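Chemist: Here it is, the structure, as structure tokens.
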């Protein structure tokens, strides 16, 4: 196990992949390893990238990663979107891009399905971010579809969050209005070669004007055509600028603290739920209470109070 | 309070709305009321409707509701999609449909935002389903965008789940493959007047063939044009058929039990997290642990174990 940890810290891809799998499976070895790697976390720049399906997030991530690599930075990519090309559904152009990245030792790609991980996704992603950070990756990119609540939970540990919108996808603007807005540090209007791009940029900018009114810093809105590698240099500059801003204003430290807090909350939640529902201690009691609830002999709230009374000091 | 409960049980819209708001705000009055209404729950047919944005879910729900009303059934609608027309963003055609429904005493519509309810949405939706069920609604419809994990959590308490796809929205088929499939009881290819409908139906049917191979019952695939009220009669028949199938095979009872179980789990989760993070008892301790985690003096897993040691028997 010590061997696994030291290999992860040295950036060995096989050991990283193994520890991630152990963490996903709630293996006790993973818990012990996670404790050991903690002192080595906190240096990576965590970038969250979110946007509806079809907004070209994966292509954008490929192009960004290529530029980070040119700067000599190592990159970890966590794709949570289950329909992401990183998860196997790649079109030809994407596949070429991805093969190039996959061949590069300085890039580690992991795709995670929401599927079958009910309630466990958030904590698993937090673990993977820590593992990639500890493994020495300079940049950790987390990709989500950014519609659901769990996805927003995931992205909140990012230092810099990019929200991607696309001309003609009215949905993407609607999503912004619905609450994704407040997590954005940078807006990207991708597929900017499509008709209607001016209108989309104007719409996003007017949303930014409303949400940033009175604030010192205005959220930047950039246009890109990721497929043709247009606007990616400017985007990278804006990302670097945001990072420098975080460091200068001590926001980076504050964000790091929020990330650890989110992790702590998530570990506690997971442990408690496992303790109550996976341990055989309570199985019969819970089974019998659910029967009583079904027969209307007791209500769910009273049943919950009974179980809590048994476990809490 | 007794007055509030008895009014809710009589179906009074103002009292229903008030109890829902109390429940959303975690008001103790709501907990007490929820206990009282439990014996009156379990009769409503809970229908989950999910599909990506732009698939026409809201229009479909309007048309279905109109038919349920013709049958003399009362309907409760819970719209969780934050971009749903029920939440205010309606187009003209939808607005006319919705006004008609909103004027009808036999219909209760509630839209719920995921926004600002981190971790609390699921339990709030469960409460609203119980309240509408207890208020005597024959049918309770829950609408979600069905991409995120929280949305799938919500839909799992439905007796009958409709998954909506649309020709030309490749995303929607991708989403199916990504895991939404297993929750579907009925597939609806909506906007069936669009080009490519045959291909979409064929794609969905081939997915159904794979997922239902060896099973006795094949999941039906229907085509509708909700806007023109086409295919809605057939859809309603299919929904009724599914309900009858549930009742005949005792699945209805089993599903009811699963619903109560999901509720119990959710109440326990919420109570525990409130107990740990909202009570002033642990505030200082947690604050100091997060500081130590940030300084690498302790890791999040050890910190979590310390807190759990303080609260668990």
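The values are calculated or read from the model by the stated rules, or taken from the named source; none is laboratory data. Predicted model, so just to flag it, every value in this text is computed and none were measured. Virtual Cβ from ideal backbone geometry, glycine too; neighbours counted across all protein chains shown.
Chemist: Please pick out the residue among A:93, A:136, A:119 that is assigned to a loop (DSSP other than H, G, I, E, B), at pLDDT below 80 and surrounded by fewer than 24 Cβ atoms within 10 Å (Cβ to Cβ).
Modeler: A:119
Chemist: I'd like to know if region B:236-245 contains one or more residues that are under 25 Å from residue B:122 (Cα atoms) and out of contact with any strand residue (DSSP E or B) (no Cβ under 9 Å at 6 or more places or on another chain).
Modeler: no
Chemist: Pick out the one residue from A:237, A:254 that is in the same structural domain as residue A:123 (by TED's automatic domain parsing), in a helix (DSSP H, G or I) and either within 21 Å of the chain's Cα centre (by Cα) or farther than 30 Å from residue B:290 by Cα (or both).
Modeler: Exactly one residue qualifies, and that residue is A:237.
Chemist: Which condition from (1) in a helix (DSSP H, G or I); (2) more than 14 Å from chain B (Cβ to nearest Cβ) is the one that residue A:216 breaks?
Modeler: For residue A:216, the failing item is (1).
Chemist: Pull up region B:43-57, narrow it to residues that are away from chain A (no Cβ under 11 Å) and modelled with pLDDT under 95, then point me to the one that is nearest to residue A:299 (Cα to Cα).
Modeler: For region B:43-57, the residue satisfying everything is B:43.
Chemist: Kindly check whether there is at least one residue in region A:97-109 that is within 11 Å of chain B (Cβ to nearest Cβ), surrounded by fewer than 23 Cβ atoms within 10 Å (Cβ to Cβ) and modelled with pLDDT under 80.
Modeler: No, that holds for no residue.
Chemist: Regarding residue A:231, is this residue over 24 Å from the mean Cα position of the chain (by Cα) and farther than 30 Å from residue A:309 by Cα?
Modeler: Spelling it out, it is not the case that residue A:231 is over 24 Å from the mean Cα position of the chain (by Cα) and farther than 30 Å from residue A:309 by Cα.
Residues are listed down the side, and each one gets a yes or a no for (1) touching a helix residue (DSSP H, G or I) at 6+ places or on another chain (Cβ under 9 Å); (2) modelled with pLDDT of 90 or more; (3) assigned to a loop (DSSP other than H, G, I, E, B); (4) more than 9 Å from chain B (Cβ to nearest Cβ):
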position	(1), (2), (3), (4)
A:233	yes, yes, no, yes
A:272	yes, no, no, no
A:276	yes, no, no, no
A:298	yes, yes, yes, no
A:308	yes, yes, no, no
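Chemist: Which of the following residues is in contact (Cβ under 8 Å) with a residue 12 or more places away in the chain and more than 14 Å from chain B (Cβ to nearest Cβ): A:289, A:246, A:258?
Modeler: A:246
Chemist: Filter region A:261-270 down to the residues that are closer than 17 Å to residue B:271 by Cβ and free of Cβ contacts under 8 Å to residues at least 24 places away in the same chain, then identify the one that is farthest from the other protein chains (Cβ to nearest Cβ).
Modeler: A:265
Chemist: Which of the numbered conditions does residue A:211 fail, given that it passes all the others? Conditions: (1) farther than 30 Å from residue A:168 by Cα; (2) within 14 Å of another protein chain (Cβ to nearest Cβ).
Modeler: (1)
Chemist: Taking into account only those residues within region A:1-26 that are assigned to a loop (DSSP other than H, G, I, E, B) and surrounded by 14 or more Cβ atoms within 10 Å (Cβ to Cβ), which is farthest from the chain's Cα centre (by Cα)?
Modeler: Once the filter is applied, the top-ranked residue is A:12.
Chemist: Which members of region A:198-239 meet the condition of being surrounded by fewer than 16 Cβ atoms within 10 Å (Cβ to Cβ) and on the phi > 0 side of the Ramachandran plot?
Modeler: Matches in region A:198-239: A:214, A:229.
Chemist: So residue B:40 ticks every box in (1) surrounded by 24 or more Cβ atoms within 10 Å (Cβ to Cβ); (2) modelled with pLDDT of 75 or more; (3) within 28 Å of residue B:247 (Cα to Cα); (4) within 11 Å of chain A (Cβ to nearest Cβ) but one. Which box is left unticked?
Modeler: Here residue B:40 meets the rest and fails (1).
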